[in-house]
């Protein structure tokens with residue numbers, strides 16, 4: 001007789017260990033189980049590609065910036081060259097303007113002696129005779145006695161030196177006018193009219209010497225080659241003349257402000273030059 005032998009041990013979990021690993025291996029090999037791996041690899045590759053792309057982009061931008069910097073350096077170098085040329089032109093222009101201004105100042109400070117003498121002659125009273133007009137040297141000016149000041153004045157404030165300080169005007173000429181007059185009133189009248197002259201400084205015009213001379217006897221007349229004899233008591237005595245010396249200083253007013261006076265004294269050459277310089281803008285009106 002045949003017997004039925006059924007093994008129920010295979011149905012127990014502890015006896016199915018040989019089947020579990022194969023099942024697990026079978027489960028790992030499915031696409032669903034590998035999806036996280038592929039996602040991680042894709043993400044890593046994407047990040048790597050993004051980093052590489054960023055590096056190439058930054059390198060391209062850096063190359064462009066280097067090229068742009070080189071172009072800007074070339075432009076800056078060209079601009080500096082032009083600036084140097086412009087500075088040179090400005091320096092030359094300034095030098096030319098300074099030379100022109102210096103030349104114009106020469107014409108503007110010169111006052112012809114003929115105009116000065118003509119003004120003195122026109123202001124001389126009828127009873128005053130000019131004997132000599134002399135311009136003093138620097139040594140003679142230094143030796144002159146200083147005029148007494150009527151009041152003690154405080155010293156002027158010091159003028160700051162530098163580019164902002166105006167240059168001191170050149171010293172004007174000091175002249176002495178020597179002559180004779182019939183009396184002291186004529187000398188005083190001559191002094192007053194000289195103080196009104198625009199060619200001289202009124203506050204520097206003063207009488208430095210005035211002395212009445214001895215009476216004079218006229219020379220005897222000669223009639224027919226013979227000198228007439230006159231008794232001593234019958235001789236005519238002429239009043240003595242007043243010998244005077246007036247000291248004055250030429251004005252430092254620019255000649256451009258004395259055109260009317262210069263033209264009236266026939267200094268037409270200087271007037272024409274100053275008017276030409278004024279038209280060119282070298283001398284300010």
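The values are calculated or read from the model by the stated rules, or taken from the named source; none is laboratory data. Bear in mind the structure is a predicted one, so any value in this text is a computation, not a measurement. Reconstructed Cβ throughout: ideal geometry from the backbone, glycine too, with neighbour counts over all protein chains shown.
Picking from residues in segment 178-195 that are under 22 Å from residue 114 (Cα atoms) and touching a helix residue (DSSP H, G or I) at 6+ places or on another chain (Cβ under 7 Å), the one that is surrounded by the most Cβ atoms within 10 Å (Cβ to Cβ) is 194.
Only a single criterion out of (1) within 30 Å of residue 277 (Cβ to Cβ); (2) at pLDDT below 65 is not satisfied by residue 110, namely (2).
Can you say whether residue 272 is modelled with pLDDT of 70 or more, under 28 Å from residue 136 (Cα atoms) and not in a loop (DSSP other than H, G, I, E, B), as far as the supplied structure shows? No, not satisfied.
Which one is modelled with the lowest pLDDT among residues in segment 210-237 that are under 20 Å from residue 184 (Cα atoms) and surrounded by 12 or more Cβ atoms within 10 Å (Cβ to Cβ)?
Of segment 210-237, the ones under 20 Å from residue 184 (Cα atoms) are 210-216, 237.
So of that shortlist, the ones also surrounded by 12 or more Cβ atoms within 10 Å (Cβ to Cβ) come out as 210, 212, 216.
On the way: 210: 93, 212: 90, 216: 76.
Ranking the qualifying residues of segment 210-237, first place goes to 216.
Screening residue 109 on (1) within 30 Å of residue 267 (Cβ to Cβ); (2) loosely packed, with under 10 Cβ neighbours inside 10 Å shows it passes everything except condition (2). Considering 270, 258, 277, the condition of being within 21 Å of residue 174 (Cβ to Cβ) and not assigned by TED's automatic domain parsing to the domain that holds residue 121 is satisfied by 258 alone. Confirm whether residue 283 is modelled with pLDDT of 80 or more and touching a helix residue (DSSP H, G or I) at 6+ places or on another chain (Cβ under 7 Å). No, not satisfied. If the condition is being under 16 Å from residue 250 (Cβ atoms) and under 36 Å from the mean Cα position of the chain (by Cα), then segment 121-144 contributes 135, 136, 137, 138, 140, 141.
Number of residues in segment 188-216 that are touching a strand residue (DSSP E or B) at 6+ places or on another chain (Cβ under 8 Å) and not in a helix (DSSP H, G or I) equals 14. Take residue 121 and tell me if it is more than 20 Å from residue 274 (Cα to Cα), part of a helix (DSSP H, G or I) and either touching a strand residue (DSSP E or B) at 6+ places or on another chain (Cβ under 9 Å) or in the same structural domain as residue 185 (by TED's automatic domain parsing) (or both). Taking the combined requirement at face value, the residue satisfies it. Of the residues examined, residue 94 is one that is out of contact with any strand residue (DSSP E or B) (no Cβ under 7 Å at 6 or more places or on another chain), surrounded by 10 or more Cβ atoms within 10 Å (Cβ to Cβ) and closer than 20 Å to residue 281 by Cα.
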